[in-house]
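Okay, so here's the structure we're looking at.
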Amino acid sequence: MRVVKKPTKAKESKAEISYGLLRSRILDGTYGPGYRLVMDQLARETGVSTIPLREAVRRLQSEGLVEVVRNIGARVAVFDSTQVEHTLNVLARLEGYATAISAPLMTPEQIEVSRDINARMVEALEEFDPTSFTALNRKFHFSIYQYCPDDHLANLLESEWARLDHMRRSTFTYVPGRARRSVVEHEHMLDLIAKGADHAEIERVACAHKIATAEALHNAHV
């Protein structure tokens, strides 16, 4: 009878470390869109053998951060503006529901924290920096999602936002005219949450907020 060996904890740990390392380098721009992930080169850079690195690359491929191209091999995914729009529209549905179910769990003090972040976004409009504004925008939304009672939904949002951040770098897209309207919509969302508005109304407004960004991007390219 053949005995099948179970993966050792050391191997699992190396695969997890490799995944975390490659993912962080993709998301921080060290490995930019189109960067080829050559196993031997990565092994020399990271000091990790190719087996856990291949596992990490397959996992990143399933998340959409890596793609395998014929005659090229594995590379950091490259996106176009249409793919960004599609992701924004998917996020709109997820964020609408997440905001609605998080709202009743937020205290007045926690709502004020979100208001403070939005106020910093308003200040950032004076000398507009797309990178810092985008970072504050992410911080604002996750100041609400951190109270989401659905862990699976929270993980989906984290994954999709990470992918969207990478997409923005890949397409070099941002719609400056959308920024000023965005902070007004944020304040409206917080007003609805503060007054305990109906679940469906909060979901509709939060969903429309993200869809408006997708439409602004579409119109900019048209």
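The values are calculated or read from the model by the stated rules, or taken from the named source; none is laboratory data. Because the structure is a prediction, the values reported are computed rather than measured. Every residue, glycine as well, gets a Cβ built from its backbone with ideal geometry; the counts of neighbours run over all protein chains shown. All accessible areas refer to the heavy atoms of the entire protein, side chains included, with ligands and DNA or RNA removed. Shrake-Rupley method; radii C 1.70, N 1.55, O 1.52, S 1.80 Å.
Some observations on this one:
- Taking the accessible area of the chain, probe 1.4 Å, and keeping the other protein chains in place, the carbon and sulfur fraction comes to 54%.
- LEU42 - accessible surface, heavy atoms, 1.4 Å probe, Å² rounded to 10: 0
- Only lysine pairs 8 or more places apart, or on different chains, with alpha-carbon atoms under 24 angstrom apart are counted in the chain, and they number 5.
- Taking all protein chains as they are arranged and a probe of 1.4 Å, the heavy atoms of ASP80 leave approximately 80 Å² accessible to solvent.
- D (Stokes-Einstein, µm²/s), Kirkwood Cα radius, region 45-181, 1.002 mPa s at 20 °C: 125
- For region 145-155, 3J(HN,Hα) per residue [Karplus equation, 6.51 cos²θ - 1.76 cosθ + 1.60, θ = phi - 60°, Hz, x = Gly/Pro]: 5, 5, 9, 5, x, 9, 4, 5, 5, 4, 5
- Think of it as helices only: each DSSP H run of n ≥ 4 in the chain is worth -39500 (n - 2.57), and spread over all residues that comes to -24000 deg cm²/dmol at 222 nm.
- Electrostatic dipole magnitude of the chain [Cβ: Lys, Arg +1; Asp, Glu -1; Cα centre; debye, to 20]: 1480
- VAL68/SER24 FRET efficiency (R0 22 Å; Cβ-Cβ; nearest 0.05): 0.60
- From phi via Karplus (6.51, -1.76, 1.60), per-residue ³J(HN,Hα) for region 200-215 in Hz, x at Gly/Pro: 5, 5, 4, 4, 5, 5, 5, 5, 4, 4, 6, 4, 4, 5, 4, 5
- Which of GLU127, GLU203, GLU95 is most accessible, then next, and so on - probe 1.4 Å: GLU127, GLU203, GLU95
- Note on ARG120 and HIS86: the extension gain reaches 9.4 nm, defined as 0.36 nm multiplied by sequence separation minus the Cα-Cα distance.
- When peptides 53-65, 100-112 are ranked by their average number of other Cβ atoms within 10 Å per residue, the highest-first order is 53-65, 100-112.
- Proximity of backbone amide H atoms, modeled 1.01 Å from N, is registered between VAL66 and GLN61, ALA77 at under 5 Å, excluding neighbours fewer than 5 places apart on the same chain.
- Gain on full stretching of the segment that runs from MET39 to GLN110 - 0.36 nm per residue minus C-alpha separation: 21.0 nm
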